[in-house]
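One structure below.
Laboratory data are not the source of any read-out in this text; all were calculated from the coordinates shown. Since we're looking at a predicted model, the values are computed, not measured. Cβ atoms come from the backbone with ideal geometry, glycine included; neighbour counts cover every protein chain shown.
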Amino acid sequence: MDDETIKMIESTLHQRTYAMIMYDNPFKLSKKSLKKVIKKDWPELEKLTEFKEEKLYFRFNIGDYKLFIQNIDKPILWKDLDHACETTYYWENPIKEVKNHTKHLLVFVESEKKRSVETYIILTKIIRSIINLINAIGVYWRLSLQVFPTLQFTQFSDIIKEGQLPVPIWIKVSGGEIDNNVSNFYTTGMAYFYQEEIEIIKTTKKFSYVLPFLLDLTDTLIKQGSYIKDGDNIEGNDGEQINVRFLPSEIFDNKEKSMRLFLK
């Protein structure tokens, strides 16, 4: 793949479903090793077809999905990783370890089923296979603005084998204390499922309560769609009734509507 094609792909990434794999080893991905590891990890996937291999580039199909893997012999720009590293809770020393990567793989999927659960599952599966094959440092999941060390990403993605969704990869829960024992929390990633991001404003609940609660809620919303209506009540982890309103965001400047949960 020539430099102009790479620049074209990079300039249109905002339109694509992609993730990046950070590594620092000699590039040793091959058609044979890729086919072997995907078949081993995910035997239920359709056979890889129309496989094209160039020096640092792979393209193949899995059913109706087109997968592209591009090796880029330089690190991901720090401006794209800075916030993700500062706000992650899945990686003990992210800044130090992420800064050790010198190269990355850009992996993206194209399909008529844009922003579908199936599309994200395919991307998650392929990423999971590659990172263990090349002994990667970690993954930057751009759709939720998160970084994961290889082991953590592997563990989260393996729940697909149990029929579950890897929501901790797809959805990020952020926030924290803004005043004495009062906190704000919000999600990143629900927009890619055509749903409002969720906000909790001025709650006394701690992150240890909010994280599993919001991951469970977003899991249900992704599976069932937007079944919650403005003014509905939903049940919290401890049986508390939580009122839901769809209101302009208090977290983001764009003022798009969010799903506001009135959690005490």
Among the listed pairs Lys79/Lys161; Lys96/Lys172; Lys35/Lys79; Lys113/Lys223; Lys35/Lys161; Lys52/Lys103, those beyond 26 Å (Cα-Cα) = Lys79/Lys161; Lys35/Lys79
note = Expected sort for Arg128, Arg59 with the fewest Cβ neighbours (10 Å cutoff) up front is Arg59, Arg128
request  = Taking H placed 1.01 Å from N in the peptide plane, check which residues at least 5 places from Ile137 or on another chain put their amide H under 5 Å from its amide H.
outcome  = Met22, Tyr23, Asp24
ask   = Out of Ser144, Ser157, Ser111, any idea which swings most in a Gaussian network model of the chain, alpha carbons joined below 10 Å?
value = Ser111
key: Label point at Ile234 placed 7 Å out along Cα→Cβ; residues across the stretch 161-175 whose backbone nitrogen lies under 20 Å   = 164-175
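Sorted from fewest to most neighbouring beta carbons within 10 Å, what does the list Glu162, Glu54 look like? Walk me through the intermediate numbers first.
Details: Glu162 6, Glu54 11.
Ordered by Cβ neighbours within 10 Å, fewest first: Glu162, Glu54.
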ask   = Using a simple charge model, +1 on the beta-carbon of Lys and Arg, -1 on the beta-carbon of Asp and Glu, nothing else, what dipole does the stretch 171-262 show about its Cα centre, in debye to the nearest 20?
value = 80 debye
task = Give me the distance between the Cα centres of the stretch 208-264 and the stretch 46-111, rounded to whole Å.
result = 31 Å
remark   = Sorted on mean Cβ neighbours within 10 Å (highest first), peptides 233-239, 186-192, 68-74 come out as 186-192, 68-74, 233-239
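DSSP loop chymotrypsin sites (Phe, Trp or Tyr not before Pro) in the stretch 95-156 with at most 15 other Cβ atoms within 10 Å of their Cβ, which ones?
Details: sites: Phe108, Tyr120, Tyr140, Trp141, Phe153, Phe156; in loops: none.
Here no loop site has a sparse enough neighbourhood.
Which of rounded, prolate, oblate describes the stretch 171-262, given a ≥ b ≥ c as roots of the alpha-carbon gyration tensor eigenvalues and a/c under 1.5 marking rounded, otherwise prolate only if a/b is larger than b/c? Show your work: numbers first, answer last.
Working: a/c = 1.44, a/b = 1.18, b/c = 1.22.
Rounded shape, in that the Cα axes give a/c under 1.5.
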query = Which of the trypsin sites (Lys or Arg not before Pro) found in the stretch 181-232 are in a DSSP loop and have at most 10 neighbouring Cβ atoms, other than their own, within 10 Å?
reply = Lys229
inquiry  = With Cα extents along the principal axes in Å as the read-out, I listed (1) 56, 37, 33; (2) 81, 51, 47; (3) 72, 37, 29; which label goes with the value calculated from this structure?
reply    = (1)
message = I want to verify a result. In a Gaussian network model of the chain, Cα cutoff 10 Å, which of these has the top mean-square fluctuation: Ile126, Ile169, Ile228?
response = Ile228
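If R0 is 35 Å, what FRET efficiency do you get for Thr220 and Asp253 from their C-beta distance, rounded to 0.05?
0.75
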ask   = Placing +1 at every Lys and Arg Cβ and -1 at every Asp and Glu Cβ, with all other atoms neutral, what dipole size does the chain have around its Cα centre, in debye to the nearest 20?
value = 840 debye
ask   = Straight-line reach from Lys257: which lysines have Cα under 16 Å away, leaving out those fewer than 8 places along the same chain?
value = Lys229
query = Considering only DSSP states other than H, G, I, E and B, which GluC sites (Glu not before Pro) in the stretch 64-118 qualify as loop sites with at most 16 other Cβ atoms within 10 Å?
reply = Glu92, Glu112
